[in-house]
Amino acid sequence: MRLFRCLICLAASLLFVAGAVGQDPNVKHFDKDGLSFDYPANWQISDQSTQQMQFLELSQGDVVIRVRSPREWLKTPEKEAHAKKLFQDQYVDSFATQFEQQGMQPKHSTVTTQIAGADAEGVRLRVVMDRQPGGLDSYYRIVSDRLVHLSILGSEKEIAKDAPAWNIIRNSLKVAPPPQPKATPTPKGKP
């Protein structure tokens, strides 16, 4: 009986600690239409979503983090490749063109990071802006049959300073699985 009480007290203590950790006042939670992630409470968030894509922009000072995810479920490798071209390749190319139009020569490099617990491919563009190195890091990954695109834009100094915010977002990101088709009942007497 005594062992049973000790186990109950231990379980209650663990639940209390887990509940307290989950309620960090410095962290907010975004959860809408199957896409969710945590982010620092002192960051501004702007939901610019459309019927075709979820698009959240988070900002703090001169750093901008974007979370974009088309709403279409990608069930084939062809659809995944097409989504990558539209949401990653064209996005990076657009930024490179903007930098070039401003007289800067962006340096491209391939990078990887973790998004939602697995490797995500990305591209780093670096230029000198206002005498400080900086630019864009842009990553994508397929999560639960949806493409998720994360990018961070700012000076290298600001990006490094805001690495904890970036880590919270990319590590907590989740996408709900696609809806399962409802089973149709077979009429009685038919196999």
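At pLDDT 95 or above, in contact with a strand residue (DSSP E or B) (Cβ under 7 Å, 6 or more places away or on another chain), of a type outside the set (D, E, K, R) and over 19 Å from Met53 (Cβ atoms): is that true of Ser138 in this structure? Can you show your working first?
Details: at pLDDT 95 or above: yes; in contact with a strand residue (DSSP E or B) (Cβ under 7 Å, 6 or more places away or on another chain): yes; of a type outside the set (D, E, K, R): yes; over 19 Å from Met53 (Cβ atoms): no.
No; evaluated as a whole, the condition is false for this residue.
Here's the yes/no breakdown for (1) closer than 25 Å to Asp31 by Cα; (2) loosely packed, with under 11 Cβ neighbours inside 10 Å; (3) under 16 Å from the mean Cα position of the chain (by Cα):
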| site | (1), (2), (3) |
| --- | --- |
| Arg68 | yes, no, yes |
| Pro77 | no, yes, no |
| Leu86 | yes, no, no |
| Tyr91 | yes, no, yes |
| Gln101 | no, yes, no |
| His108 | no, no, no |
Would the range 141-155 turn up any residue that is closer than 28 Å to Trp43 by Cα, under 17 Å from the mean Cα position of the chain (by Cα) and without any contact (Cβ under 8 Å) to a residue 12 or more places away in the chain?
no
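When the range 84-118 is examined, which residues are found to be in a helix (DSSP H, G or I) and of a type in the set (Gly, Ala, Ser)?
Scanning the range 84-118 gives Ser94, Ala96.
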For the range 30-46, state whether one or more residues are modelled with pLDDT of 95 or more, among the polar types (S, T, N, Q), within 27 Å of Gly134 (Cα to Cα) and not in a strand (DSSP E or B).
yes
Pairs, first closer than 17 Å to Gly134 by Cα in the range 106-122, second surrounded by 18 or more Cβ atoms within 10 Å (Cβ to Cβ) and among the hydroxyl-bearing types (Ser, Thr, Tyr), C-beta under 8 Å, six or more apart:
Val111/Tyr139; Gly122/Ser138; Gly122/Tyr139; Gly122/Tyr140
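The values are calculated or read from the model by the stated rules, or taken from the named source; none is laboratory data. Keep in mind it's a predicted model, so treat the numbers as computed, not measured. Neighbour counts are summed over all protein chains in view; Cβ atoms, including those assigned to glycine, are modelled from backbone coordinates with ideal geometry.
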